[in-house]
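The values are calculated or read from the model by the stated rules, or taken from the named source; none is laboratory data. Quantities reported herein were computed from a predicted structural model and do not represent experimental measurements. Note that we place each Cβ from the backbone using ideal geometry, even for glycine, and neighbour counts take in every protein chain shown.
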Amino acid sequence: MNAKWKRLVTAILMMALLLGPIVSMQTPARAADGEDDNTFIVGFDAEFPPYGYKDDNGEYVGFDLDLAQEVCDRNGWTLKKQPIEWNSKDMELNSGSISCIWNGFTMNGREDDYTWTKPYVDNSQVVVVRKDSGITQLSDLSGKVVAVQADSSALAALTGEDASEENKALCETFKDLQQVGDYNSAFMNLESGAVNAICMDIGVANYEIESRGDKFMMLEDRLSSEEYGIGFKKGNTELRDKVQATLLDMLADGTFDEIAEKWGLEGSICLTADDEVQEETAADDNTFIVGFDAEFPPYGYKNDDGEYVGFDLDLAQEVCDRNGWILKKQPIEWNSKDMELNSGSISCIWNGFTMNGREDAYTWTTPYVDNSQVVVVRKDSGITQLSDLSGKVVAVQADSSALAALTGEDASEENLALAETFKDLQQVGDYNSAFMNLESGAVNAICMDIGVANYEIASRGDKFVMLEDRLSSEEYGIGFKLGNTELRDKVQATLLDMLADGTFEEIAEKWGLEESICLSPDDQVQDGNVAATATDSTSTGKKNTSFWDKFCSITKQLAEGLLASLVIFFLTLLFSLPLGLLVAAGRMCKIAPIRWLVKFYISIARGTPLMLQLLVVFYGPYYLFGATLTTSYRFQAVIIGFALNYAAYFAEIYRSGIQAVDGGQMEAARSVGFSSGEAMRLVVLPQAIRNILPALGNEFVTVIKESSIVSVIGIADLMFRTNDVIAVTYKNLECLAVAALCYFVLTFVSGRAVSLAERKLSHGK
């Protein structure tokens, strides 16, 4: 038994070490190696606003990135925004991973390290403090804790070789000079009082002070001044000259100043233009927020440059441009789409959004895409028609049209009968997971939209085929909050204008969807309503039901997921509790190699996320050894992953309890004739268990709650089923409340059981 577990642990550790290559095999992102001459790769610090940072939409934006985009547009280059670890910027540049460093990059003191453009920003190093700090001048920083970003101009101004004698003397008066990784951490520390001041660039300081409210201020005294330039690899004058020439062109026509004004940096620019640029204005109500699933190509997804792109997003951008709106692309959790829309967080749901079966749930545009539900299989599967799916494992995305076509209230009799023949219908969160499962053999087929199927097959090589038989057809529309006809009508009218002048078809051709378009000039807006739609009725025709009826109905639907969570809980404890005792024994073993190996295992188990360990255990056999993944192994992988993970935690709990027992207990037992094993089993362990029960109880509760992550490999637990029911019933709050109650009951019962055991053992003293 011991050898078996040792082999198993060793295998898991080997798989963990190889996880990086496994993950990279699944990521279709192209390497930033500069092989494409038309790709301009900008290296930047993604936490350095306003020059470069990630905004609320998850997009990389900033003054320097806008400049870079304009340079690329004028040269016919493709911009790739590459966030880098700032301390590794030189390795990134010298290895060719990036084309340049463009991110408020200080030239001073680095003149001979890079090939530079001419400076384009004058910048000063300043000190930011809390308004209520009482600090008004640099001398007040004596005895204070000061923060500065690592490898920054401010740090160089205080401690660098070229730092002034005044700044070096000032730095000596600080109680401490703390280096932080980013300015968000610095301001959190400043607000909490952990530091008293921050030294930083004036441009960044202005941005942060304006963004964070009326809490902070900038001292008048400056530490130093500096200039920003764009740094290229030493000797790369050709690329530098192209960028420099383009910047000068932008300066001449006013574009440079326009971008500077957008980011509030017009006062820092060291280049001048002859023509003034009018200040841009934009009203808050001009923002059009599109909610979309960011893993649904070609309709909406994140590309290799980290940008959200797709057919629907291109349509939305064109609609916004024609109406003078600002487009905000808002990725959403698909199961939360209704809460996002109803709360006003998004303006609409625009993402290959199926109207069928949802006609009365939203205010819709007329349909603009005809879509069919199809089946995708591996070329070598031998599956050629729908009837061949009998006895097979089929994957489908949760809350998708394909799921509705197979199991929904409006599913055809043929599809319902077909689904009954499947060995299992597994719901997955995204199509990348589905195709990983299909490729590895964990599933035999995927049911999905034809547009997505065409995209995925074309992207993933010559491995997959689409069956000729279709499951169903559907229509895509743009869904607005029920009753919001005004915004719907504006969007509908703009789409028709785009159709009339050919723009709509151009965008469809770009994404290979020209054959799926069903929008026609006849779909006119009439008297404030879209023709032939009946989405504005607030009545669903459904009978009101009591809370108790809703509760019972939802609980019944969640029963299968609840059972799965319970089985996972009990089997995890069944295997991890005794295994933890063995691991604890190894941890206290006098043989050093065994002790070291066990320590390493515990470090891996506790130091990496459980979700990561589940992925390794499940997919590892296929990618490491080419093993076929069976349906039964999916659940086995969950139990193996959970048991190995929690055994490490239990082992440390056991060890602490055993070592807390007085060593004299073992000696006394041995003195009356007990063997070491008997003394441990009959004397030490009973006392240790009494001590460790509270800690064990905490872990029991954690097992129950963490069982919710098993859906990552397709196990339908309680939380997974909850999302399914939400998708069908649209009862978000009710379903979540029932799920929360179920988890609470499970954890409460577990906690009470441990408490009763504690009392019983206490009475037995």
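The residues of the range 150-166 that are surrounded by 13 or more Cβ atoms within 10 Å (Cβ to Cβ) and either basic (Lys, Arg) or touching a Gly at 6+ places or on another chain (Cβ under 9 Å) (or both), listed by number, are SER153, ALA156, GLY160.
All conditions in (1) over 30 Å from PHE40 (Cα atoms); (2) within 33 Å of the chain's Cα centre (by Cα); (3) among the acidic types (Asp, Glu) hold for GLU92, with the sole exception of (1).
Taking the criterion of being in contact with a Lys or Arg (Cβ under 7 Å, 6 or more places away or on another chain) and more than 16 Å from GLU509 (Cα to Cα), the residues of the range 303-326 that qualify are ASP304, ASP305, GLY306, TYR308, ASN323.
Do the conditions hold for ALA669, that is, is it touching a helix residue (DSSP H, G or I) at 6+ places or on another chain (Cβ under 7 Å) and modelled with pLDDT under 75? Considered against the rule, which asks whether it is touching a helix residue (DSSP H, G or I) at 6+ places or on another chain (Cβ under 7 Å) and modelled with pLDDT under 75, ALA669 comes out as yes.
Looking only at the range 195-221, count how many residues are under 30 Å from the mean Cα position of the chain (by Cα) and surrounded by fewer than 18 Cβ atoms within 10 Å (Cβ to Cβ). The number of residues fulfilling the criteria is 5. For LEU341, are the conditions met, namely being more than 24 Å from the chain's Cα centre (by Cα) and not in a loop (DSSP other than H, G, I, E, B)? For LEU341, the condition - more than 24 Å from the chain's Cα centre (by Cα) and not in a loop (DSSP other than H, G, I, E, B) - is not met.
For residues that are of a type in the set (A, V, I, L, M) and under 15 Å from SER139 (Cβ atoms), scanning just the range 163-194, find the one that is farthest from the chain's Cα centre (by Cα). Top of the filtered list is ALA169.
The listed residues are LYS550, LYS590, and the only one of them that is of a type outside the set (Gly, Ala, Ser), modelled with pLDDT under 90 and outside any helix (DSSP H, G or I) turns out to be LYS590. Restricted to the range 635-716, the set of helices (runs of 4 or more DSSP H) holding at least 1 residues that are closer than 30 Å to GLN426 by Cβ comprises 685-706.
Residues of the range 131-149 that are of a type outside the set (Val, Ile, Thr), in contact with an Asp or Glu (Cβ under 8 Å, 6 or more places away or on another chain) and surrounded by fewer than 18 Cβ atoms within 10 Å (Cβ to Cβ): LYS131, GLY134, GLN137.
Against the condition in the same structural domain as ASP132 (by TED's automatic domain parsing) and either farther than 23 Å from ARG110 by Cβ or touching a Ser or Thr at 6+ places or on another chain (Cβ under 6 Å) (or both), how does ASP201 come out, does it pass?
no
Restricting VAL661, VAL617 to residues that are under 30 Å from PRO694 (Cβ atoms), crowded, with 22+ Cβ neighbours inside 10 Å and out of contact with any Lys or Arg (no Cβ under 7 Å at 6 or more places or on another chain) narrows the list to VAL617. Please work out which one of (1) over 23 Å from VAL204 (Cα atoms); (2) modelled with pLDDT of 85 or more; (3) among the aliphatic types (A, V, I, L, M) is the condition LEU67 fails and give its number. So LEU67 meets the others, but not (1). Residues that are among the hydrophobic types (A, V, I, L, M, F, W, C), free of Cβ contacts under 8 Å to residues at least 12 places away in the same chain and either within 30 Å of PHE504 (Cβ to Cβ) or surrounded by fewer than 19 Cβ atoms within 10 Å (Cβ to Cβ) (or both) do occur in the range 409-426.
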